[in-house]
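Encoded as structure tokens, the structure appears first; notes follow it.
The values are calculated or read from the model by the stated rules, or taken from the named source; none is laboratory data. Because the structure is predicted, anything quoted here is derived from the model rather than measured. Heads up, the Cβs are rebuilt from the backbone with ideal geometry, glycines too, and the neighbour counts pull from every protein chain shown. Note: areas computed on protein heavy atoms with side chains; ligands, DNA, RNA excluded. Shrake-Rupley method; radii C 1.70, N 1.55, O 1.52, S 1.80 Å.
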Amino acid sequence: MASSELRKHPRWLGALLWMLAVLLMFTAVIYQRRTGPTYPKRGEVEAAGAVHKYKLIRSEETIRDARVVLPDLGDGASARLHWKRYKTDDPFTEAALARETEEGVTELAAYLPAQPAAGKLEYYLEVDTPAGESRIPVAGEDNIIIRFKDPVPTPLLVAHVTFMFFSVLIGMRTGLGAIFAPSNIRPLAWITLTGMTVGGMILGPFVQKYAFGEYWTGFPWGYDLTDNKMLIMWVAWLFACSTVGLRPKKKELPGRLVVTVAAAVMTVVYLIPHSMRGSELDYSKVDQGIAPSEAIGTGD
């Protein structure tokens, strides 16, 4: 298709594609928050004829203990927390949840001890009510895993998340444009690549360094899935931009196809839950006297 033909698209079509891209982006974000291993585990527990919703913590900073919270289940109800270091033969430690009131809200709470960066604990809860006993998670399901990380400066984290959010959003819009309205996919593709370079390939390693002590734990030095996801997306858009170039071409179809593939790869990769196979402290090495900062590898 000649470059002059690429401009023959109504404005409403561009606006519609932006709306579709925003819808896709927020759907992906919601999916990430529901499936990612560091987001709170949600569920319900029944007590005294009422259903209580809970959110159990799966990520915390190393500077404080992790607060495990259930809603107040009423008189006659109690709960116990059982925890141990992840992937160890440690016996489970038990702690009773106590009633705490914060800002007028009464909850049942107990605390998991802070761990070094990349340290993980596994835990479960037992709930006793006049109607009987229940377990969270239910018997047969995996225990809840929480990972600790060192604090990341807020401005750095906000910049990283913002660049990545808008880069993926614009990348989705670029892919839709390559299919339905390719008049401006070239600048959008370059904006996507620039955003991913800054947000993912520059700011991302600094976030990783603050949180877990290493700038990069993906290919070729490790198997960190988050780093490898970023690398795959970046390479896909680098190839797409090298194909479309900086100026219009007589044959735009190859560029449109490559941009469409880059957007599809980005979307599929982005939907893989965040923080899977991330940094993980090897407690067996710590028990041998190795400093925690030197005992971090790549986990599940």
Problem set entry | Within the range 200-247, chymotrypsin sites (Phe, Trp or Tyr not before Pro) in DSSP loop having at most 12 other beta-carbon neighbours inside 10 Å | TRP221
Exercise. Using mean Cβ contacts within 10 Å as the protection proxy, how do 267-274, 47-54 order, highest first?
Worked result: 267-274, 47-54
Exercise. Could you give the length gained on full extension between ALA131 and ARG80, defined as 0.36 nm per residue of separation minus the Cα-Cα distance, in nm?
Worked result: 16.7 nm
Problem set entry | Sequence-separation-based contact order of the chain, relative, with Cα cut under 8 Å and 6+ spacing, percent | 20
For this session: Quote to one decimal, in nm, the extra length available between THR162 and GLU102 on full extension: 0.36 nm per residue of separation minus the C-alpha distance between them.
Result: 18.5 nm
For this session: Would you mind counting up the charge near GLN288? Only other residues with Cβ under 13 Å from its Cβ, with Lys and Arg at +1 and Asp and Glu at -1.
Result: -2
Problem set entry | Using a Förster distance of 30 Å, the FRET efficiency for MET19-LEU257 (Cβ separation, nearest 0.05) | 0.80
Problem set entry | Surrounding net charge for LEU73, when Lys and Arg each add one and Asp and Glu each subtract one, Cβ distance under 11 Å | -4
Exercise. Can you list the aspartates and glutamates whose alpha carbon sits under 15 Å from that of LYS209, skipping same-chain ones fewer than 8 residues off?
Worked result: GLU61, ASP150, ASP224, ASP227, GLU280, GLU294
Problem set entry | Cβ crowding within 10 Å averaged over residues, with 244-255, 159-170 ranked highest first | 159-170, 244-255
Exercise. How many nm is it between the label spots at ALA139 and ASP65, if each spot is 7 Å from the Cα in line with the beta carbon?
Worked result: 3.0
Problem set entry | Top positive-direction residue, dipole computed over the chain with Cβ charges, set ALA189, GLY297, TYR86 | ALA189
Seminar exercise, completed: In a Gaussian network model of the chain with springs linking alpha carbons closer than 10 Å, the residue among VAL152, VAL138, VAL261 that fluctuates most is VAL138
For this session: Only helices at least 18 Å long along their axis, Cα-based, and averaging -0.5 or more on Kyte-Doolittle count here, so list those DSSP H runs from the chain.
Result: 11-35, 154-180, 225-244, 253-270
Exercise. For the chain, which whole percent of the accessible surface, found with a 1.4 angstrom probe, sits on carbon and sulfur atoms?
Worked result: 61
For this session: Give, in nm to one decimal, the length gained when the segment between ILE179 and TRP12 is fully stretched (0.36 nm per residue of separation minus the Cα-Cα distance).
Result: 58.6 nm
Exercise. Heavy-atom accessible area per residue, the chain, 1.4 Å probe: how many Å²?
Worked result: 53
Exercise. How many angstrom separate the Cα center of the range 33-99 from the Cα center of the range 196-236?
Worked result: 31
Exercise. Where a Cα-Cα gap under 24 Å defines reach, which lysines qualify for LYS55, not counting those fewer than 8 residues away within the same chain?
Worked result: LYS41, LYS84, LYS87, LYS120, LYS149
Problem set entry | Total charge dipole magnitude, the chain, about the Cα centre, Cβ charges on Lys, Arg, Asp, Glu only, Debye to nearest 20 | 2360
